[in-house]
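Presented below is the structure to which this report refers.
The values are calculated or read from the model by the stated rules, or taken from the named source; none is laboratory data. These numbers come from a predicted model, not from an experiment. Cβ coordinates were reconstructed from backbone atoms using ideal geometry, including for glycine residues, and neighbour counts include every protein chain displayed.
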Amino acid sequence: MNDNPLFDLQFHHHPLPFSRVRPEHIVPALEKALAEARDQIQAIESNPEPPTFANTILALEAADEWADRISSVFFHLLNVDGGPELQALSREIPPMLAKFGNDVSLNPVLSNRVETLHRQRQELHLAPEQRTALENHHLHFARNGALLPPDDQKTLREIDQRLSVCAPNFAENVLKATQAYAIWVDDERVVEPLPAGARSTARKAAENENRGGEWKFTLDMPSFIAFMTYAPDAELRKRMYLAYQTRCVEGEFENLRLIREILELRDRRAKLLGYENHATYVLERRMARDLETLNAFYDRLIPVVMPAARKDLEEIRVHKESLTGESELHPWDFAFYAEKLKKAKYDLDQEALRPFFEYESTLNAVFALCRKLFHLHFEPTDALPVYREDVKTYRVEDQRDKRLIGHLYLDPFPRPTKRPGAWMNNLLGQGLWNGGVQRPDVVIVANFTPPSDGPALLTFDEARTLFHEFGHALHELLSECTCRSVAGTHVFWDFVELPSQLMENWLTEPEFLREFALHHETGEAIPEAFIERIQASQSFLKGYQGARQLNFGLLDLAWHTTPPADLGSDLIAFEREATRDFQLFPPHPGTAMSPSFQHIFSGGYSAGYYSYKWAEVLEADVFSVFKENGLFDPATAESLRENILSKGGSRPPMDLFTAFRGREPDPDALLRRDGLLPVQ
């Protein structure tokens, strides 16, 4: 298959050949790459020289780099354009990768070489990054079965193979269930209160299915949120809400059986490796370290957040009653009446903000912020092949010396085959590739409100999401490491959200808004009254939002600390009991969030969803330094870059945080920032 563009990736660093890759290219290339990786592993095993950092650790990291690049291409395409052929491959490729991973992790010769290095680490005079990489590899072998007897290793292989199939199946079911539902509206009076962009998108969606004169609303985020926030018909909102909350609960795309199997496999795996449960296994490699620390963290937040959440909910209920005379607030009412209350309290109309957050101008505002803080310049380029015409690419340089920092791909708008949500992904991580330290390629993927009869106008929350994902991108782009295993976003998962959530802060600051939030037609700055209202509304629903995150995180821990035998026969009942103290609405029959909870069952956040709240504490504490020294203070920005963003995971995360902040994080920094505690 000489015309397979993925074969070129064995020897060439750039670019990823997206425009030429076809589904039939992927498996042949990956098979050859894995065979090459096994040859490299064999060379490490048979090396007669004593183990060194170069001939063992760096050699291990280089062994599978071709396969790593191919799998990056595959998983990215699966998530952004996952048609039937790629979905079929999602059941074939993960087991191939899992088998190779087990072959390495369970290799006694490799394990012994790493163990020898680890014993000698004090005499090796390694640099801090090298010490971290060595420690990570040493723990990787221990935590993935290298010390188990042969029969247990065989069992571990079987578990990992099955898990490699279950997670993609779970995600595929969620995608298909999301795609399968739509509400069709033929009465203009029903859609008239919705934003013009949402109406236009729904009209075009209907026309694409030869149903002119109607509007099609789906469970994709821009459509779903617009409908739930502005549609005045409570019965239609109820239908949309129930469709969303019952995804994968039953029927063709049911995920409950997969949940049980995934939990059983994870629990068996943890116990096989000597851990009490999956949560204790995961937390060993997190900042939180153990359940005791995590429980203490929640014990600080719960007594403050939950009363504030109930107060938020009561305020919305009272507002609904004042408008309708109805005293009961249903979950499908929440977004609708919350928006009305926000308008009444702050005179802040989300739709009135959209013209100041047109996609291109908001993107330019992010670019400008990156220039102010980190001297970065984003230059559009056509040199990188793309997988869709609407994907844009940029060369990122350091303004000071024109040094290449990396490349950025942007894929902002929905398509039927794209996974819901927004994320940043490393297409090519920073660090050693083909024997040289290379700069990264990163992509930001989103499902923002698409352009319709004009430019794409973002909601304020969508603008916030763009800033969030840019924080992840900066973490990779500004990385200055050698070992790929510790570069960029290869950090503990309760640290990885620090840069992303930190970036969101600038979007609400008057100084930033005055300069960068410009009307897309007139170029005029956002009115001062709007800025004041944005500022005043920053604590709006912070209790409710915090309770929602607590609910998700504590449900995640309940799944991963309860022995599977104790879950009972009804998993929905288990979910309800686990979240009983943190639910703000009575559960509706047939609804459940776990069957579509991709973060923990197919997205890598198992026993780690708490990370979002944990990282909020970190970023609130970090941003307080900018508040003290100046939003664009060069010294503070340089310290952030030097001590956190450039270091990746090359040091323990608490060391990186304290190097910047001068002390360990203070949870009250978040509660004060959210208006839940008085400012000192």
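Residues that are closer than 17 Å to residue 472 by Cβ, at least 3 per element: which helices (runs of 4 or more DSSP H) completely within segment 323-440 meet that? Let's see the steps before the verdict.
Details: elements: 334-346, 350-353, 359-374.
Per the criteria, 359-374.
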Worksheet item: Can you name the residue in segment 432-459 that is closer than 18 Å to residue 395 by Cα and without any contact (Cβ under 8 Å) to a residue 60 or more places away in the chain and, of all such residues, is nearest to the chain's Cα centre (by Cα)?
Response: 444
Worksheet item: Any residue in segment 158-166 that is at pLDDT 95 or above, within 30 Å of residue 88 (Cα to Cα), surrounded by fewer than 15 Cβ atoms within 10 Å (Cβ to Cβ) and not assigned by TED's automatic domain parsing to the domain that holds residue 420?
Response: yes
Practice prompt. Determine which single condition residue 549 fails, assuming it passes every other condition in (1) polar (S, T, N, Q); (2) closer than 25 Å to residue 222 by Cβ; (3) assigned by TED's automatic domain parsing to the domain that holds residue 624.
Written response: (3)
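Does residue 110 satisfy the condition of being in contact with a Ser or Thr (Cβ under 7 Å, 6 or more places away or on another chain) and either on the phi > 0 side of the Ramachandran plot or modelled with pLDDT of 95 or more (or both)? Step through it out loud before you land on a result.
Values: in contact with a Ser or Thr (Cβ under 7 Å, 6 or more places away or on another chain): no; either on the phi > 0 side of the Ramachandran plot or modelled with pLDDT of 95 or more (or both): yes.
Answer is no for this residue.
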Worksheet item: Of the residues that sit in segment 121-151 and are surrounded by fewer than 14 Cβ atoms within 10 Å (Cβ to Cβ) and not aliphatic (A, V, I, L, M), which one is farthest from residue 652 (Cα to Cα)?
Response: 151
Discussion item. Among the residues of segment 605-635, what is the count of those that are outside any loop (DSSP other than H, G, I, E, B), surrounded by fewer than 20 Cβ atoms within 10 Å (Cβ to Cβ) and touching a helix residue (DSSP H, G or I) at 6+ places or on another chain (Cβ under 8 Å)?
Written reply: 6
Item to complete: Tell me which of these residue 82 doesn't satisfy, since it passes every other one: (1) in a helix (DSSP H, G or I); (2) within 30 Å of residue 175 (Cβ to Cβ).
Response: (1)
Worksheet item: Of (1) free of Cβ contacts under 8 Å to residues at least 12 places away in the same chain; (2) part of a loop (DSSP other than H, G, I, E, B), residue 492 satisfies all except one. Which?
Response: (1)
Discussion item. Residue 195 - would you say it is surrounded by 14 or more Cβ atoms within 10 Å (Cβ to Cβ) and either over 24 Å from the mean Cα position of the chain (by Cα) or among the polar types (S, T, N, Q) (or both)?
Written reply: yes
Worksheet item: Which residues, counting only those in segment 650-678, are of a type in the set (Gly, Ala, Ser) and in a helix (DSSP H, G or I)?
Response: 659, 669
Item to complete: Output the residues belonging to segment 414-455 that are modelled with pLDDT of 90 or more and of a type in the set (Asp, Glu).
Response: 441
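Does residue 189 satisfy the criteria of being out of contact with any helix residue (DSSP H, G or I) (no Cβ under 6 Å at 6 or more places or on another chain), outside the structural domain of residue 413 (by TED's automatic domain parsing) and part of a helix (DSSP H, G or I)?
On the way: out of contact with any helix residue (DSSP H, G or I) (no Cβ under 6 Å at 6 or more places or on another chain): yes; outside the structural domain of residue 413 (by TED's automatic domain parsing): yes; part of a helix (DSSP H, G or I): yes.
When the stated conditions are applied, residue 189 passes them.
One line per residue, one yes/no per condition, for (1) surrounded by fewer than 15 Cβ atoms within 10 Å (Cβ to Cβ); (2) of a type outside the set (S, T, N, Q):
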{"site": "218", "(1), (2)": "no, no"}
{"site": "227", "(1), (2)": "no, yes"}
{"site": "233", "(1), (2)": "no, yes"}
{"site": "242", "(1), (2)": "no, yes"}
{"site": "262", "(1), (2)": "no, yes"}
{"site": "273", "(1), (2)": "no, yes"}
{"site": "301", "(1), (2)": "no, yes"}
{"site": "323", "(1), (2)": "yes, yes"}
{"site": "329", "(1), (2)": "no, yes"}
Item to complete: Sort out which residues of segment 561-599 are assigned to a helix (DSSP H, G or I) and exposed (fewer than 11 other Cβ atoms within 10 Å of the Cβ), and write them in order of number.
Response: 565, 566, 580
Item to complete: Could you tell me which numbered condition residue 97 fails, if it satisfies all but one of (1) over 25 Å from residue 23 (Cα atoms); (2) of a type in the set (A, V, I, L, M); (3) touching a residue at least 24 places away in the same chain (Cβ under 8 Å); (4) in a helix (DSSP H, G or I)?
Response: (1)
Item to complete: Return the only residue of 467, 530 being hydrophobic (A, V, I, L, M, F, W, C) and either touching a strand residue (DSSP E or B) at 6+ places or on another chain (Cβ under 8 Å) or surrounded by fewer than 20 Cβ atoms within 10 Å (Cβ to Cβ) (or both).
Response: 530
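So if I check each of 134, 110, 124, which one is assigned by TED's automatic domain parsing to the domain that holds residue 54 and more than 35 Å from the chain's Cα centre (by Cα)? Write out each step before concluding.
Values: 134 fails: more than 35 Å from the chain's Cα centre (by Cα); 110 fails: more than 35 Å from the chain's Cα centre (by Cα).
Selected residue: 124, the only one of 134, 110, 124 that is assigned by TED's automatic domain parsing to the domain that holds residue 54 and more than 35 Å from the chain's Cα centre (by Cα).
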Worksheet item: Within segment 192-232, how many residues turn out to be over 15 Å from residue 351 (Cβ atoms) and not in a helix (DSSP H, G or I)?
Response: 13
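Identify the residue in segment 151-189 that is without any contact (Cβ under 8 Å) to a residue 40 or more places away in the chain and out of contact with any Ser or Thr (no Cβ under 7 Å at 6 or more places or on another chain) and, among all such residues, is nearest to residue 414 (Cα to Cα).
Ranking the qualifying residues of segment 151-189, first place goes to 184.
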